[in-house]
Every structure is written in structure tokens, then in C-alpha cells.
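So the structure is just underneath, and the comments pick up after that.
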Amino acid sequence: MTGRDGAVTGTPPAQPDGAPSRSAAVLAAAHGTPGFLDQREGMALFAAAEVAAQRGLGPLVEIGAYLGRSTLFLAAGLIAALEHGAPPSILLSIDHHRGSEEMQAGWEHHDATLVDPATGRMDSLPRFRANLWRAGAEDIVAAVVGDSARVAAALSGPVGMVFIDGGHGANVAWADYRGWTPRLAPGGLLAIHDVFPDPADGGRPPYECYCAALDSGEFDELEDARTLSLRVLTRRRVPRAPQRASR
Ligand SMILES: C[S@@+](CC[C@H](N)C(=O)[O-])C[C@H]1O[C@@H](n2cnc3c(N)ncnc32)[C@H](O)[C@@H]1O
């Protein structure tokens, strides 16, 4: 949530009868959904989605949904904005649901219960759908099942927010960055997960994409939103001269 000064408060409203609002219910579901996002990062994402939806610049886009944890934080933020009169919008959640490299058999984040016995391949889509349905968020989230870069190439029009948390290998991460960031409307938000300045903490591509965004002169970071490995930037209305930004 944002206060009058635009600061993040992170407290969804209750309804007059004291019952939790819809955004609060979806937020509670997000907290209970398994995935790869710390709950503090989830709250920062929730607040960013609310800000982006309030700006009314276009749909919100998520790359990398897995079981829907980040999806539900984003959806709760979007719903909170709608509860406060934001223009109608939707969250496009893109994932091929075949898992990233580190989720395949034999790798660190493999979950054998997600293997489809019919194909022998990872398939997170059924549990993603079940989690959205349980949270009551199916109407606000449009799931796009496919390769994120191909989807970017096939869709047109400006978007109000892009959250990048898909493949973390260099080719995929850069394809997401290059395919989606030009689509952000001025004032739109770019969120990137797993940004690790210290290589000892994790892979480089998300950090390098974040640096490229700052260095381009087209983005400013929302310093207040910086949470663990999550970074949120806003697209400038007027680019500044490209420069090496401090970080
Ligand atoms: C780190 S997980 C996302 C975690 C999720 N955001 C959460 O909150 O738990 C990365 C996801 O990106 C998806 N993915 C990887 N490469 C992709 C690509 N090229 N196109 C679409 N989805 C991709 C994987 O299937 C996986 O579900």
C-alpha cells in the first residue's frame, strides 16, 4: 500500500464490516504459496504492483510464475489499486511451466512431484492454476504459457510494469530484458529478482540487466523498494545522459 506521500505501508485495507478486503485475502494466499520469493520481497512487489496499477499505464507483466507465489503478490497489489479506484487492468503471467535449468531432474531445485508422468517433463501449470483458483485471483491474472521472449515479440502495446524472474541464464535473462523493457511506458515500473551485486551470492545475468537499465539513463531506481535481491526501477519520462550509475 502507499500512503499519501507515496511511501510503502504494506497494509491492505479492511472493509467497513471488518472483513478482510479482497486484496488482503489474495495477499494472505500469496504468503502461503510456495515459491522462490522471500516474503519481504513479496511485500515490496505487492507495493510496486499497486503503484504501477494506480498509474494506469497498461497491463502488468510477470515473467516467471512457477507455482504463482510472485503472481499472487502482484495480483494482490493490482487488486488493492482497483479497490482505490485505479483504472481496470490485468496481470499477464508468462511462464512455459517447464521449469528453469535448476529445476530439472538432478538439479538443486528439482521437485519430483511436478513431473508430468505422461510426458516425463516438469509441469508447474496445474499447481499454478490451482493456487490461483484457491486464492480467487483467476479473473485478474491471464496466464500465458510460452517462451517469454517469443511472447514479447508477438504482443504489442505499452505495459505498466514488468517483473523479470524467468530463466536466469545469460541468453534468457537478456532476451527478457531486451524484449520487455522497451515496452514499458514512461512512468512504468521494472522489477528484477535475484539481483546479486556479489557474485558469491548468485548468478550474474539479473544483476547485469539491472546495471544496464541504470546505465542506459532511461531508469531511476526506487531506493525504498530495494529488498534483499529485488530491485524496482521506474522508467523516466525524459532519459538522462547515459552514465555509470552508483549502485
Ligand atoms: C525462479 S522461477 C520463478 C519463481 C516465481 N517468480 C516465484 O515467485 O516463486 C523461474 C520460472 O521461469 C520459467 N522460465 C524459465 N525460462 C523461461 C522462458 N524462456 N520463458 C518462459 N518461462 C520461463 C520457469 O518455468 C520457472 O517457472
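Read-outs: derived from the displayed coordinates by stated rules, not from any lab. Just so you know, these numbers come straight off a predicted model, no measurement behind them. All Cβ positions, even for glycine, are placed from backbone atoms using ideal geometry, and neighbour counts span all protein chains on display.
A few remarks follow.
- Theoretical FRET efficiency, 1/(1+(r/R0)^6), r = Cβ-Cβ of residue 39 and residue 215, R0 22 Å, to 0.05: 0.10
- Positive-end residue of 163, 153, 211, charge dipole of segment 92-214 with Cβ unit charges: 153
- Annotation for segment 197-243: chymotrypsin sites (Phe, Trp or Tyr not before Pro) lying in DSSP loop with at most 14 further Cβ atoms inside 10 Å of their Cβ do not exist.
- Relative contact order for segment 24-156, counting Cα pairs under 8 Å that sit 6 or more residues apart, in percent: 28
- Student exercise, segment 27-235 dipole from Lys, Arg, Asp, Glu Cβ charges, in Debye to nearest 20: 520
- Descending by average beta-carbon neighbour count within 10 Å, the peptides 118-130, 70-82 line up as 70-82, 118-130, the highest first.
- If a spin label sat at a point 7 angstrom from the Cα of residue 21 along the line to its beta carbon, the backbone N atoms of segment 75-103 nearer than 17 Å would be those of 75-90.
- Rounded to 5, percent antiparallel among DSSP beta bridges of the chain: 40
- Two-decimal Rg to Rh for segment 13-163 - Kirkwood Rh, Cα set: 0.99
- Of all beta bridges that DSSP places with both ends in segment 140-247, some 60 percent have antiparallel geometry.
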